[in-house]
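Trainee: The structure under discussion is supplied below as structure tokens; questions concerning it will follow.
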Amino acid sequence: MTTSADPTPLAPGAPRSGTTFLGLPTAPRGVGHLRGTQSFPDAARTSLRDGQLRANLGRATTTIRGKRAAVVAEVPHWEQLRQAGKALKAATMARLDEHLEELERQVTARGGTVHWARDAAEANRIVTELVRATGSDEVVKVKSMATQEIGLNEALEAAGIEAVETDLAELIVQLGEDSPSHILVPAIHKNRSEIREIFRRTIPGVDPGLTDEPRQLAMAARTHLRERFLRARVAVSGANFAVAETGTLAVVESEGNGRMCLTLPQTLVTVMGIEKVVPRWEDLGVFLQLLPRSSTGERMNPYTSLWAGVTPGDGPQDFHLVLLDNGRTAVLADEVGREALHCIRCSACLNVCPVYERAGGHAYGSVYPGPIGAVLSPQLTGVEDNASLPYASSLCGACYDVCPVAIDIPSILVHLRAEHVEAQPRPTAEAVAFRGLSRVMSNPRLWHLAQRAAGLGRFLARGRPTLPAALPPPASAWTRTRDLPTPPGRSFVQQWTEEHRR
Amino acid sequence: MSAREEVLGRIRTALGEHRPVVDVPPVPAPRSLAPAELLDLLAERVEDYRATVLRCAPDEVPATVVRGLDLALGGGWAPADVVVAPGVPAAWRPSGSPEDDGRPAVRLAAFAATLTGVAAAVAETGTLVLDGSPLSGRRALSLLPDVLVCVVEAAQVVPDVPDALGRLDPVAPLTMVSGPSATSDIELQRVEGVHGPRTLVVVLAG
């Protein structure tokens, strides 16, 4: 598929199991924020030691889980709505090329310009050139996962253009020279007093008597950004949805910073992953019900902006839409994994995940943390570039239960684990262990012997529920972080035999 | 090969020749409510966002708008502080309030309050929809002044978001407003008012 001039790496794990390997390019290395510098277990070990972080996260996720559950329970037909959302996404992906072509026609017909970007580097180049053409050296930004994914702020900075994040949480992260740790609440890992310190240190002319009361902090951000909004000539946004048949773009937000960026500047550049398209106007009716309740736990978010191309006398008069691949077509090529493209970035799966709640978003090393990140990031980069992420889960399934478009995240995790194992030139210790286990389990005599041997564990446990000893290497990698339960006194086969003999 | 052709080509390769055929199940209809129940639900849901709802008979709109401005701005506001969307009926306007004259959008920030109508209102979610028409005003008008007063007429209230979409023009610049500007970014504690209007007053007529 790729030409020799194209520097984008191919998915390293070729050939894939169960599917035909198609050689579609994944997100390139060296640009954007999809790969961490450490593996998940190493990064998580650091964050698990941070008591403040765990306290902040535990409080926040508990709060939002409660809010979401309450507003979802209000909708009697939630499950039907969810299945409609899932089917709409699957149907859209099956005709993705046609919907994107239609979207391009409609946006163009309404005075917008559509650009296509194969990857992060190309998207950054397109946006940088568009901003340069306006003569402006600053842009205001609406919080957007796509522009974080491609590292647009860094690319603009390298070109001498300052990008100002205007969402309060993104501003906190930007001023704190930190990175986001949650899809929806990027500063979820910071508490109020930490935020006050960042503001006191970085906002010029901020009231030194600023308290850590959330209202005061929000008002300080309002004052700080007001003048930037009013003078901004160029804005960059993402998109939550784009309607193919009408060319309508949608951005969902709360603070009004999005409306400021989408309304006041002369030029608007929107960067959108190709999977965000929906075929028909009425499809929005489904997703606008699913998204707010799943994400912030509100019936509806305070502001939703919808626009099609350019409206004379109202809003930006120059509109550009950048359609981004950056590994999405490689995800689409995997019949099991492609469901990850259905994600509407609500972040409900993060808030219920026991692993996310303890490890925090930074441990995932990608702008997409949590359960959805554990399936999306490795697919966008190729599994071998994020090989630890499919294992960053207990497979408890809570993520699947809350997903508003019913993405079967646990199954994709297992699928990606298999892909990683098969990509290894030599079998891993785990693969050897399971191969041995499979031999034992398929031979009744061996299985019986193994169960008798397990009885030894009861002796070692001396009545305790778990075994005190760790296994020797290489199995110690498993027992270092897990307890081995004491084997039961009688095996199932023994019990069955005894009960049915009577 | 252009990026466009390449991305479209990749999609076709990824999907292969046998594309899945997906049946989309019908989306359930919203609950049916009598007109009076619709208005009650809208009022309840808008108030839940800590916005102010003032209900009145259709002929009481002018007095109720003034009462809403009193509540939001305190006494002592001048009609000159309140900018009105150009399509708002003359009867609803506080006498002496200027109409949006198409000045550069950023200069609208000088006004203390805005008065508009709406294109539709959604009872289930407490959402007002502004559509950029003369009655709703351009987008900046409902964004920059710190107080937004919207007049909703009974016939504009629909049960659910899908109903509202059915009434709207998909290519108009649309803004859906559910309560005042708000953030939950600091310890998930909701704070009303960041960048958009900090106070929302809904005059519900009918």
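The values are calculated or read from the model by the stated rules, or taken from the named source; none is laboratory data. What you see is a predicted model, and the numbers here were worked out from it, not measured in a lab. Every residue, glycine among them, receives a Cβ derived from its backbone with ideal geometry; neighbour counts consider all protein chains shown. Keep in mind that these areas ignore ligands, DNA and RNA; they rest on the heavy atoms of the full protein, side chains included. Shrake-Rupley method; radii C 1.70, N 1.55, O 1.52, S 1.80 Å.
Trainee: Quick one: what are the phi-derived ³J(HN,Hα) couplings along the stretch B:78-86, Karplus 6.51/-1.76/1.60 with θ = phi - 60°, whole Hz, x for glycine and proline?
Mentor: For the stretch B:78-86, the Karplus curve yields 9, x, 5, 7, 10, 9, 10, 4, x Hz.
Trainee: Would you work out the relative contact order for the stretch A:77-326, in percent, from Cα pairs under 8 angstrom that are 6 or more residues apart?
Mentor: The value is 29 percent.
Trainee: In percent, what relative contact order does the stretch A:351-423 have, based on Cα pairs under 8 Å that are 6 or more apart in sequence?
Mentor: On the way: 75 pairs, mean separation 20.8, N = 73.
The normalised contact order for the stretch A:351-423 reaches 28 percent.
Trainee: Return the Rg/Rh value of the stretch A:396-502, two decimal places, where both radii are evaluated on C-alpha atoms and Rh is the Kirkwood radius. Each step should come with its number before you reach the end.
Mentor: Working: Rg = 18.2 Å, Rh = 17.2 Å.
Reported Rg/Rh, Kirkwood definition of Rh: 1.06.
Trainee: Tabulate in residue order the Karplus-calculated ³J(HN,Hα) for the stretch A:317-332, using 6.51 cos²θ - 1.76 cosθ + 1.60 with θ = phi - 60°, rounded to whole Hz; enter x for Gly and Pro.
Mentor: Once rounded to whole Hz, the list reads 9, 9, 10, 10, 10, 9, 8, 10, 8, 6, x, 5, 5, 5, 5, 4.
Trainee: I've got another one for you. Please state, as a whole number in µm²/s, the translational diffusion coefficient that the Stokes-Einstein equation yields for the stretch A:293-347 at 37 °C and 0.692 mPa s, with Rh defined as the Kirkwood radius across alpha carbon pairs.
Mentor: Answer from the Stokes-Einstein relation: 220 µm²/s.
Trainee: What's the angle, to the nearest 10 degrees (0 to 90), between helix A:370-381's Cα axis and the longest principal axis of chain A?
Mentor: For helix A:370-381, the angle is close to 80 degrees.
Trainee: In addition: To check you understand DSSP bridge types, tell me what percent of the beta bridges within chain A (both residues inside) are antiparallel, rounded to 5.
Mentor: Values: 12 of 37 bridges.
Expressed as a percentage, antiparallel bridges in chain A total about 30.
Trainee: Over the protein assembly as shown, what lengths in whole Å, largest first, do the semi-axes of the equivalent ellipsoid take, defined as the square roots of 5 times the eigenvalues of the alpha-carbon gyration tensor? Present the calculation step by step, with values, prior to reporting the outcome.
Mentor: Numbers: eigenvalues 463, 164, 129 Å².
Listed largest to smallest, the semi-axes of the protein assembly as shown are 48, 29, 25 Å.
Trainee: Another question, if that's okay. Please compute one quarter of the surface area of the Cα convex hull for the stretch A:116-263 and express it in square nanometres. It would help to have the intermediate numbers written out before the result.
Mentor: Working: hull surface 37.5 nm².
So the Cα hull casts an average projection of 9.4 nm².
Trainee: Report, ordered by chain and residue number, the aspartates and glutamates lying within cross-link reach of A:LYS86, taken as a straight Cα distance under 18 Å and ignoring same-chain residues fewer than 8 apart.
Mentor: Counting by Cα, and skipping residues close in sequence, A:LYS86 has these aspartates and glutamates nearby: A:GLU275, A:GLU282, A:ASP283, A:ASP334, A:GLU335, A:GLU339, A:ASP401, A:ASP408, B:ASP23.
Trainee: Quick check for me: using +1 on Lys/Arg Cβ and -1 on Asp/Glu Cβ, what's the dipole size of chain A about its Cα centre, in debye to the nearest 20?
Mentor: 2360
Trainee: Please determine, in degrees from 0 to 90 and to the nearest 10, the orientation of helix B:3-15 with respect to the longest principal axis defined by the Cα atoms of chain B, where the helix direction is its Cα long axis.
Mentor: For helix B:3-15, the angle is close to 60 degrees.
Trainee: Set the Förster distance to 25 Å, then compute FRET efficiency between B:THR13 and A:ARG280 from the Cβ-Cβ distance, nearest 0.05.
Mentor: Details: r = 26 Å, r/R0 = 1.04.
Plugging the Cβ-Cβ distance into 1/(1 + (r/R0)^6) gives 0.45.
Trainee: What accessible area, in Å² to the nearest ten, does a 1.4 Å probe give for A:GLU74?
Mentor: Number for this one is 70 Å².
Trainee: Follow-up question, since we're still on this one. For A:THR62, A:THR479, write out the residues from largest to smallest accessible area, computed with a 1.4 angstrom probe and no ligands counted.
Mentor: Per-residue accessible area, sorted high to low, gives A:THR62, A:THR479.
Trainee: Another question, then. Could you pull the accessible area for A:THR428 with a 1.4 Å probe, rounded to 10 Å²?
Mentor: 40
Trainee: Going by amide H atoms built from the backbone, whose H comes under 5 Å of the H on A:VAL271, apart from near neighbours?
Mentor: Counting only residues 5 or more places away or on other chains, the set is A:SER237, A:GLY238, A:VAL322.
Trainee: If the label point is 7 Å along Cα→Cβ of A:ALA470, which residues in the stretch A:414-447 have backbone nitrogen under 19 Å from it?
Mentor: A:429-430
Trainee: Starting from the amide H of B:VAL151, placed 1.01 Å from N in the peptide plane, find each other amide H under 5 Å away whose residue is 5 or more places distant or on another chain.
Mentor: Amide H neighbours of B:VAL151, under 5 Å, 5+ apart: B:THR116, B:GLY117, B:VAL118, B:VAL203.
Trainee: When the expected Rg is taken as 2.2 N^0.38 Å, what fraction or multiple of it is the alpha-carbon Rg of the stretch A:93-136?
Mentor: 1.40
Trainee: Could you give the C-alpha radius of gyration of the stretch A:351-423 expressed as a fraction of 2.2 N^0.38 Å, taking N as the number of residues it contains?
Mentor: Against the empirical 2.2 N^0.38 Å value, I get 1.00 for the stretch A:351-423.
Trainee: In whole Hz, what ³J(HN,Hα) sequence does the stretch A:197-207 give by Karplus (6.51, -1.76, 1.60; θ = phi - 60°), x for Gly and Pro?
Mentor: 4, 4, 5, 5, 7, 10, 8, x, x, 6, 4
Trainee: D for chain B, whole µm²/s, Stokes-Einstein with Kirkwood Rh over alpha-carbon pairs at 37 °C and 0.692 mPa s: what number?
Mentor: Result for D is 175 µm²/s.
Trainee: Tell me the angle of helix B:61-73 to the major Cα principal axis of chain B, expressed in degrees between 0 and 90 and rounded to the nearest ten.
Mentor: Orientation of helix B:61-73: about 90 degrees from the principal axis.
Trainee: Considering the options A:LEU225, A:HIS33, A:LEU264, tell which one lies farthest towards the positive end of the dipole of chain A, charges being +1 on Lys and Arg and -1 on Asp and Glu at the Cβ, about the Cα centre.
Mentor: It is A:HIS33, whose Cα lies furthest towards the positive end.
Trainee: For the stretch A:325-464, evaluate the Debye formula with one uniform point scatterer on each Cα (no solvent term) and list log10 I(q)/I(0) at q = 0.08, 0.10, 0.14, 0.18 Å⁻¹, rounded to two decimals.
Mentor: At q = 0.08, 0.10, 0.14, 0.18 Å⁻¹ the computed log10 ratios are -0.30, -0.45, -0.74, -0.97.
Trainee: Then there is this: So what is the 222 nm mean residue ellipticity for chain A from helices alone, if each DSSP H run of at least 4 adds -39500 (n - 2.57) and you divide by all residues, rounding to the nearest 500 deg cm²/dmol?
Mentor: Computed mean residue ellipticity for chain A: -14500 deg cm²/dmol.
Trainee: Could you tell me the relative contact order of the stretch A:429-500? Use alpha-carbon pairs under 8 Å, at least six residues apart, and round to a whole percent.
Mentor: For the stretch A:429-500, the relative contact order is 28 percent.
Trainee: What is the P(r) of the stretch A:77-326, as percent of Cα-Cα pairs per 5 Å bin from 0?
Mentor: 1, 6, 13, 17, 19, 17, 13, 8, 4, 2, 0, 0
Trainee: Okay, next question. For the stretch A:290-360 and the stretch A:190-210, write down the distance between their C-alpha centroids in whole Å.
Mentor: The stretch A:290-360 and the stretch A:190-210 have Cα centres spaced 30 Å from each other.
Trainee: Can you give me the solvent accessible area of A:TYR368 with a 1.4 Å probe, rounded to the nearest 10 Å²?
Mentor: Number for this one is 0 Å².
Trainee: Find, among the trypsin sites (Lys or Arg not before Pro) in the stretch A:269-345, those assigned to loop by DSSP (not H, G, I, E, B) with at most 15 other beta-carbon atoms within 10 angstrom.
Mentor: A:ARG280
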